[in-house]
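Notes to accompany the following structure.
The values are calculated or read from the model by the stated rules, or taken from the named source; none is laboratory data. If you're wondering where the values come from, they're calculated on a predicted model, not measured in any experiment. In this analysis, Cβ positions are derived from the backbone assuming ideal geometry, glycine residues included, and neighbour counts consider all displayed protein chains.
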């Protein structure tokens with residue numbers, strides 16, 4: 001009998017087709033498996049699951065997963081998976097590192113430009129019928145050239161952002177849990193700061209590319225926002241809870257910073273209500289990786305982990321396992 005795989009919601013069709021060459025595949029309806037109770041109810045027949053970040057793969061769920069061999073997350077992050085519980089039950093866990101770099105880095109630069117040059121406000125002004133002619137004082141913004149970009153989190157995506165920002169003439173400074181190699185610093189022309197607070201004090205743009213940990217939970221809080229320059233722009237495409245949304249909303253409404261763009265949210269999919277009306281604030285629905293190529297690459301990386309695990313391939317052939 002063919003092994004069964006649950007893909008918790010529709011993904012790029014070519015990924016499903018690849019899995020169907022090997023296994024019996026069930027694809028859930030969007031949102032069905034955001035519920036722990038629904039996962040507990042349905043999980044037992046499956047030998048593998050390909051979940052989204054929104055699906056809670058908890059101890060309670062894994063206790064019901066009597067046939068499960070592997071969880072291959074459709075994401076780089078894996079905060080939705082209880083790794084200790086998976087280890088206890090002998091279940092392998094995989095994610096999708098490396099494939100998001102280009103799309104997320106490009107998207108970050110897009111957000112920086114959009115907020116700095118006030119794209120959203122300008123479009124709304126036009127659509128509201130207020131545009132009559134060119135205005136010499138209309139929608140004055142900030143250019144990126146010669147501005148200082150502070151990057152918190154200098155992994156693959158942070159470095160991708162730095163590379164693109166240098167091409168636009170920006171000065172790069174960064175904070176990271178561990179300092180990157182001097183060769184990388186030289187290539188990116190990036191200067192390291194051991195304090196993220198000092199970084200925030202002197203950055204014209206502050207962009208977040210760090211993982212969500214106990215140390216980064218609400219890393220950007222009222223204190224950090226209060227020391228940022230009043231023209232500074234905050235960008236978050238990392239994890240929502242890295243930013244205290246209430247503090248950010250207050251800072252924007254008080255004009256103590258110049259603007260913000262968020263692609264991820266503290267209590268996703270909910271957005272803090274005060275951000276809805278915050279000035280120069282661009283909100284996007286967790287779409288930094290939303291290019292066809294990247295989403296296909298994410299799916300294929302997850303699918304290949306499932307195929308190799310269920311076919312008994314050695315761990316050395318599955319580089320994206322985070323827990324063998």
*Selection within region 191-206 - buried (at least 19 other Cβ atoms within 10 Å of the Cβ), assigned to a helix (DSSP H, G or I) and touching a helix residue (DSSP H, G or I) at 6+ places or on another chain (Cβ under 7 Å)*: 200
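Rundown of residues vs (1) closer than 30 Å to residue 213 by Cβ; (2) assigned by TED's automatic domain parsing to the domain that holds residue 309; (3) at pLDDT 95 or above; (4) surrounded by fewer than 18 Cβ atoms within 10 Å (Cβ to Cβ), yes/no style:
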{"residue": "14", "(1), (2), (3), (4)": "no, yes, yes, yes"}
{"residue": "25", "(1), (2), (3), (4)": "no, yes, yes, no"}
{"residue": "84", "(1), (2), (3), (4)": "yes, yes, yes, yes"}
{"residue": "106", "(1), (2), (3), (4)": "yes, no, yes, yes"}
*Which ones in region 165-190 are in a helix (DSSP H, G or I) and closer than 17 Å to residue 238 by Cβ?*
165
_Check on residue 168, in contact (Cβ under 8 Å) with a residue 40 or more places away in the chain, within 21 Å of residue 229 (Cβ to Cβ) and surrounded by fewer than 17 Cβ atoms within 10 Å (Cβ to Cβ)_ = yes
*Of all residues in region 16-42, how many are within 16 Å of residue 310 (Cβ to Cβ) and in a loop (DSSP other than H, G, I, E, B)?*
3
*Test residue 269 against the stated conditions and say whether it is outside the structural domain of residue 82 (by TED's automatic domain parsing) and under 27 Å from residue 101 (Cα atoms).*
yes
*Is there a residue in region 129-148 that is more than 27 Å from residue 295 (Cβ to Cβ), in contact with a strand residue (DSSP E or B) (Cβ under 6 Å, 6 or more places away or on another chain) and either surrounded by fewer than 18 Cβ atoms within 10 Å (Cβ to Cβ) or in the same structural domain as residue 219 (by TED's automatic domain parsing) (or both)?*
yes
